[in-house]
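Below: one structure, written as structure tokens.
The values are calculated or read from the model by the stated rules, or taken from the named source; none is laboratory data. Small disclaimer: the values here were computed from a predicted structure and weren't measured. Cβ sites come from the backbone with ideal geometry, for glycine too, and all protein chains shown count toward neighbours.
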Amino acid sequence: MPTIIACFKWVIDEAYIRRGFSGDLDFSSVDYKISDYDRNAIEEAVRLKGSHGGSVIAMTVGTPEATKGVKDALSRGPDQACFIADADFNKLEPSQTAAILADVIRSRIVNYDLILCGEGSSDLYAQQVGARLAEHLEIPCISFVQKVDIDGGQVVAERRVEEGIEIVAAPLPALVTVLPEINVPRIPGVKDTLTASKKPVMTIRKGDLAPLGGARLQTVGMTAARMDRICEKFGTEAAEITRFVDALRKKAVIS
Amino acid sequence: MDFKLTEEQELIRKNMREFAEKYVDPIAVEIDENSRHPAELFQKLAEGDWLGMPIPVEYGGAGADYLTHVIAVEELSRSCASTGFTVSIHVGIAAMLILLFGNEQQKQKYLIPLAKGQNLGAFVLTEPGAGTDIMAATTTAVLDGNDYVLNGTKTFTSNGPTGGTYLVFAWTDKAAGRKGMSAFIIPRDTPGMKAGEHFNKMGLRSSQTSEMVFKDCRTPRENLLGKEGAGLAMAMTGFDHGRTGIAAQSVGILQAALDESIRYSKERVQFGAPIARQQAISWMIADMATDLAAARFLTYHAAWLKDQQQPFSKEASMAKLFASEAAMRHTIKAVQIQGGYGYCKGAKVERLMRDAKITEIYEGTSEAQRMIISGNVLR
């Protein structure tokens, strides 16, 4: 029976970011959530467990305040969590996150079969962690997956690619990054939330890990996207309608 | 002093918000317009344990505290005040009174299905001639052999047409005054008990309200809740819980009014700028936000006292009085901010304004709350 690891990131819920009149971003009253596609990854892991048995470990790297995220993840069905926490882990780069996850999986979770990650995170959407983690662990990585199943010793997945749908298989252990189309994540019930904190959590500190490489990215600034409203009036004569169509074409509303 | 909710309470609020946005918002206008009880929505609420939140797990509930229940009622009411109220009366009063005063047999038979959301609970007290003056009630229950026989007419029974388990209050000994009323658990389809037609109300339209007529309605002695003569005291306990629920419903309405006012006033441009920049508008919103914070603190405090097993009757009345009047006051302002658009059907604020009015009336009018509070502080 498979052991499945579902990785998730505890991110700022963008619905709480407020935009000032001057375009500045106000993070003073933000709340956090499990990154959207990672909810799909957790849901899929739990669904696979429902079909094949086994167990699900929810795993995250974050600051010690992310305990709420661990409970949130556990309320969605995993059996246990692995929480890699340090106050310094608030601005990790994808390469660092992948290295930390790989270190923990290699050293502490020896017999895993499948790792599920969201295709990208709701905040950065760099799409790096899944692929890098597979590379560290030297296991196959299947990305852009909208359907997945375990069949004997292999994982079979439907990838949504530009030209259509690609069906691929890889031997286990493997890593799969999922698209939101793969499932509809549950809304945990009251009991699910209240019993989540009774599930086992393995907490790992920075000191327990191999030394981390330094950060290479630097945030220079952050502003809200601007949406300018332009009001232009058109008449009903033929020439005006031509001008109207031209205007839409110039703005790429029609082609 | 700790103003912080637990992580579980915060997550449950978030989950209820997501539930309400996904399942309640899309039907809120329709169920209001058609005055319809959304049975399919209550099925989903039951699946998520939302209909038995503060009832212990061994009795079919989720085992949450009362504050968690209040937070969920608030979030639900933010999307639909009718739905929030139906949950509140079902579990906050009906199921809660069976938990507090029922014997083990009654809990097994009636509380477990209620907490699991298999049927809805109703609180049957008000009569055509007995609103705030509950002593003027005339419904009687006479012991005949091993049965009580009920006769009388009740009105404004929430969950009347849709209920499955009714807590009915009737005189077993009118001469005994406040110690002469008793409460009975009567299941739906008991011969002699009949729910009338659903009332066509101004607001809270999808919450089902009707008369309940009792004509030689026989109920076995085992359905007496608590002791004979303890009915009024139990009803008052029910009101303490229920008023905290109405306060939460009012907070939800008020939050929705604030959400709508902020959204609209930032989008609506008049005189070349969003109307939120007009002091006349921004001050309305400031008052709304301030009263919302105050109403929420009063409400959570009442629920917290209940969870600490301390008396919370006065605090429940204060929370209900303040929150309901604030909801009414500010939903009128929310309509004002949206002008003609807010006055049209389909605008959320017009529904909020209609729904807010009942919060000043039911489970004790504002006047009744002032009687209770003044009676408490002038003691």
Some residue of region B:179-196 being out of contact with any helix residue (DSSP H, G or I) (no Cβ under 8 Å at 6 or more places or on another chain), of a type in the set (A, V, I, L, M), in a strand (DSSP E or B) and in contact (Cβ under 8 Å) with a residue 12 or more places away in the chain: yes
Among residues of region A:78-99, those that are touching a strand residue (DSSP E or B) at 6+ places or on another chain (Cβ under 7 Å) and more than 16 Å from residue A:124 (Cβ to Cβ), counted: 9
Answer from B:63, B:52 - the residue that is free of Cβ contacts under 8 Å to residues at least 24 places away in the same chain and either buried (at least 24 other Cβ atoms within 10 Å of the Cβ) or among the small types (Gly, Ala, Ser) (or both): B:63
From the options B:357, B:306, B:345, residue that is charged (D, E, K, R) and at pLDDT below 95: B:345
Strands (runs of 3 or more DSSP E) within region A:140-236 that include 1 or more residues within 14 Å of chain B (Cβ to nearest Cβ) and in contact with a helix residue (DSSP H, G or I) (Cβ under 7 Å, 6 or more places away or on another chain): A:201-205
Test set (1) out of contact with any Pro (no Cβ under 7 Å at 6 or more places or on another chain); (2) closer than 25 Å to residue B:366 by Cα - residue B:183 fails condition number: (2)
Selection count where residues are more than 14 Å from chain A (Cβ to nearest Cβ) and among the aliphatic types (A, V, I, L, M), scope region B:39-73: 1
Single condition residue B:5 does not satisfy, out of (1) aliphatic (A, V, I, L, M); (2) surrounded by fewer than 19 Cβ atoms within 10 Å (Cβ to Cβ); (3) within 14 Å of chain A (Cβ to nearest Cβ); (4) out of contact with any Lys or Arg (no Cβ under 9 Å at 6 or more places or on another chain): (4)
Output for region A:104-126, where each listed residue is surrounded by fewer than 18 Cβ atoms within 10 Å (Cβ to Cβ), closer than 30 Å to residue A:27 by Cβ and not small (Gly, Ala, Ser): A:123, A:124, A:125
Single match in B:111, B:76, B:97 (criterion: in contact (Cβ under 8 Å) with a residue 40 or more places away in the chain, over 27 Å from residue B:360 (Cα atoms) and more than 10 Å from every other protein chain (Cβ to nearest Cβ)): B:111
Verdict on residue B:127 being assigned by TED's automatic domain parsing to the domain that holds residue B:173 and charged (D, E, K, R): yes
Selection status of residue B:303, within 16 Å of the chain's Cα centre (by Cα), among the hydrophobic types (A, V, I, L, M, F, W, C), closer than 19 Å to residue B:236 by Cα and part of a helix (DSSP H, G or I): yes
Qualifying residue in region B:361-379 (condition: touching a residue at least 24 places away in the same chain (Cβ under 8 Å) and closer than 30 Å to residue B:263 by Cα): no
Count of residues meeting criterion [among the basic types (Lys, Arg) and within 14 Å of another protein chain (Cβ to nearest Cβ)] in region A:71-107: 2
Qualifying residue in region B:307-320 (condition: buried (at least 20 other Cβ atoms within 10 Å of the Cβ) and over 19 Å from the mean Cα position of the chain (by Cα)): no
Qualifying residue in region B:275-287 (condition: under 27 Å from the mean Cα position of the chain (by Cα) and either part of a helix (DSSP H, G or I) or outside the structural domain of residue B:245 (by TED's automatic domain parsing) (or both)): yes
Pairs, first farther than 30 Å from residue A:24 by Cα in region A:227-248, second not in a loop (DSSP other than H, G, I, E, B), C-beta under 9 Å, six or more apart: A:234/A:240; A:234/A:241; A:234/A:243; A:234/A:244; A:234/A:247; A:235/A:241; A:235/A:243; A:235/A:244
Complete set of residues in region B:167-181 that are among the aliphatic types (A, V, I, L, M) and crowded, with 20+ Cβ neighbours inside 10 Å: B:167, B:168, B:170, B:181
Residue among B:13, B:36 that is on the phi < 0 side of the Ramachandran plot, more than 13 Å from chain A (Cβ to nearest Cβ) and of a type in the set (Lys, Arg): B:36
The listed residue being within 14 Å of chain B (Cβ to nearest Cβ), over 12 Å from the mean Cα position of the chain (by Cα) and basic (Lys, Arg), out of A:33, A:68, A:49: A:68
Condition broken by residue A:110, with the remaining ones in (1) in a loop (DSSP other than H, G, I, E, B); (2) in contact (Cβ under 8 Å) with a residue 60 or more places away in the chain; (3) more than 14 Å from chain B (Cβ to nearest Cβ) satisfied: (2)
